[in-house]
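Below: one structure, written as structure tokens.
The values are calculated or read from the model by the stated rules, or taken from the named source; none is laboratory data. Note that the coordinates shown come from a computational prediction; the quantities given were computed from them, not determined experimentally. Neighbour counts run over all protein chains shown; Cβ positions are idealised from the backbone, glycine included. Side chains are part of the model used for accessible areas, which takes the heavy atoms of the whole protein and leaves out ligands, DNA and RNA. Shrake-Rupley method; radii C 1.70, N 1.55, O 1.52, S 1.80 Å.
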Amino acid sequence: MTAILGISAFYHDSAAALVVDGRIVAAAQEERFTRKKQDEAFPKQAVDYCLREARLSIADLDHVGFYEKPLTKFDRLLETYLAYAPRGFRSFRKMLSQWIGPKLHLPRELDQGLGGEYRGRYVFLDHHESHAASAFFPSPFDEAAILTLDGVGEWSTSCYGVGRGNRIELSHELRFPHSLGLLYSAFTYYAGFKVNSGEYKVMGLAPYGEPRFKDAILRHVMDLKDDGSFRLDMSYFNYCHGLTMTGPQFHDLFGGPPREPESKLTQREMDLAASVQAVTEEVMLRAARHLHRETGLNNLVLAGGVALNCVGNGRVLREGPFENIWIQPAAGDAGGALGTAMFIWHQLLRNERRPAGCDAMQGSFLGPAWDDDGAAAALDAEGARYTTYADDESLCEAVSSLLAEEKVVAWFQGRMEFGPRALGARSILGDARSPKMQTVMNLKIKFRESFRPFAPLVLREYVDRYFEMRPYEDSPYMLLVAPVCEEHRLTPPAEADTAFGIDKLRHARSTIPAVTHVDYSARVQTVDDERNPLLHQLLTAFHERTGCPVLVNTSFNVRGEPIVCTPEDAYRCFLATDMDVLVVGRNVLLKGDQKRVDAAMRHRHLSQFQLD
Ligand SMILES: [Fe+2]
């Protein structure tokens, strides 16, 4: 037996992944256990969990790998400082104080994290090599072109190459400071959202705007080549030497200072979002076309934070030259832990790779699960009241009936998802046909701005009836955006045209308004019997009852909270919000049956989490 642990840590979103004899046994992000969003600490609890799942101890590990090369990264930070010196001393000092600690003495830090019980050496991969490995090795393809795009690792901000059999080879790279991820983050910062987590809000805001700054970006800020490579004019940015992302020249070009976080959104932010989104799609499309020309391959695999841009992914799939695309569901840095472990198994240890079935991610359900007894004991300890159903069929009947009554149902089942999206193991579900669902879920449950629509879950066998996708087309990880089919679209009333910004979302645009964005797009997740049989059964029961094979799916958490991990997290989150029903395994909890929660208790739960 060969057990390989991959770790990503000390930047943001730490994670651990365990691969035993080539099989992904477990993978999880540290934030889920510590309840600190994007926790960057050594992923102690995630490592412990992975080992528990495999019934192994640290001493059983044959190899441990880390997702980047700390010294090369330090070298980049140092060189960047020297290039701009003496400017940027403040940010350099701040950075240095972080590096003097864990980052420069990584083997020692890893030894400590593993309690001194691991006796082997550590393997350090290039940051983009681990992204690339996470994209190719678990993919269903024998060979594929590989594209990675993110903010920055050591020096690379984007790489491309080819994966064949059990090897990947990256042949080209784009280097810091020229970075699509950082460009997107700069606009995220400028639009008043948090860097490294607010990017998906910018993507959600884009359909409200006009890309009227696209030309300005391409003319002044970015020199974009045909092959998708580019140079940024660094006089617009601050991230090489400052503590912010954008500088005065950027603010002059785009019409004023950055938006204050949490202040009112204006048309300008919407137009900025539309513009940077349009540029991002353009870069992705050009890179994909170039890569196709260079490699002549039919398959493309993607990873890196930018590969979470599902609007861009959808365009690459529909308009790009590749026949098939597979995207690593944990495309951000957490997925680097998995890529590292798989790289060691296939590329360093030269073990054969035989892709079979849909892919090797097991639906990305790679986290902890609770059996019936464990879940019931946890609920009992919390004083919960619930009804236990005898089998999956009666459970799905009961829950589909509650959903059809427009109840909001928290659905806690099986192993937790690895990666940023809830895919039906730690999800909140609702009726996509309901005109009020969008508002109810946003304001009463997620406590957040309501300009983002929710993502639809759809039975894969019906995906082409509701969305402009091919019959049975797969999008199991919610990483593709597709338009809602014409026949399901509704013309909103005339006043919708004059409505401003997010008020547009109040007018139904389709027969499934809760998941339809103002541009008729939807972030589709297909549900199949192989990856998630229970959810497939629930959706089928809902379809039989209502004639609609679509449900709303959003992550099981409140704003700023990591997605729930344990039944206890689930119960507390359920009580602190206006969700109607909680389902944990076959146990169904109705809100009205539970102990009363006063406002102070709610406030205590919600105030633990920093707004994202
Ligand atoms: Fe990355």
| Among the residues of the range 122-136, is any touching a residue at least 60 places away in the same chain (Cβ under 8 Å), within 16 Å of the ligand (Cβ to nearest atom), within 25 Å of the chain's Cα centre (by Cα) and open to solvent by 40 Å² or more (accessible area, probe 1.4 Å)? | yes
| Meets criteria (over 16 Å from Ala9 (Cβ atoms), at pLDDT below 95 and crowded, with 24+ Cβ neighbours inside 10 Å) for Thr157 | yes
| Quick one: in the range 512-542, which of the residues that are open to solvent by 10 Å² or more (accessible area, probe 1.4 Å), of a type outside the set (Ser, Thr, Tyr) and in contact with a strand residue (DSSP E or B) (Cβ under 6 Å, 6 or more places away or on another chain) is farthest from Val440 (Cα to Cα)? | His536
| note | For the range 212-265 the number of residues that are among the β-branched types (Val, Ile, Thr) and in contact with a Ser or Thr (Cβ under 8 Å, 6 or more places away or on another chain) is 1
| Would you say Ser139 is within 16 Å of the ligand (Cβ to nearest atom), open to solvent by less than 10 Å² (accessible area, probe 1.4 Å) and at pLDDT 95 or above? | no
| Within the range 332-375, how many residues turn out to be of a type in the set (A, V, I, L, M, F, W, C), closer than 14 Å to Phe137 by Cβ and touching a helix residue (DSSP H, G or I) at 6+ places or on another chain (Cβ under 6 Å)? | 3
| Matching residues, the range 562-579, being out of contact with any Pro (no Cβ under 8 Å at 6 or more places or on another chain) and either open to solvent by 50 Å² or more (accessible area, probe 1.4 Å) or closer than 20 Å to Phe365 by Cα (or both) | Pro562, Ile563, Val564, Pro567, Glu568, Asp569, Ala570, Arg572, Asp578
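Results for (1) at pLDDT below 95; (2) crowded, with 23+ Cβ neighbours inside 10 Å, shown as yes or no for each residue.
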residue: Asp359; (1), (2): no, no
residue: Gly367; (1), (2): no, yes
residue: Leu443; (1), (2): yes, no
residue: Phe447; (1), (2): yes, no
residue: Leu457; (1), (2): no, yes
residue: Glu461; (1), (2): no, no
| field | Filter result for Arg509 (open to solvent by 40 Å² or more (accessible area, probe 1.4 Å), of a type outside the set (A, V, I, L, M) and under 24 Å from Glu406 (Cβ atoms)) | value | no
| query | Across the range 275-309, which residue is farthest from the ligand (Cβ to nearest atom) among those that are small (Gly, Ala, Ser) and open to solvent by 10 Å² or more (accessible area, probe 1.4 Å)? | reply | Gly296
| said: Within the range 334-341, does at least one residue satisfy the condition of being more than 16 Å from the ligand (Cβ to nearest atom) and of a type in the set (Ser, Thr, Tyr)? | reply: no
| task | Return yes when Asp503 is assigned to a helix (DSSP H, G or I), farther than 14 Å from Thr554 by Cα and touching a Lys or Arg at 6+ places or on another chain (Cβ under 8 Å) and no when it is not. | result | no
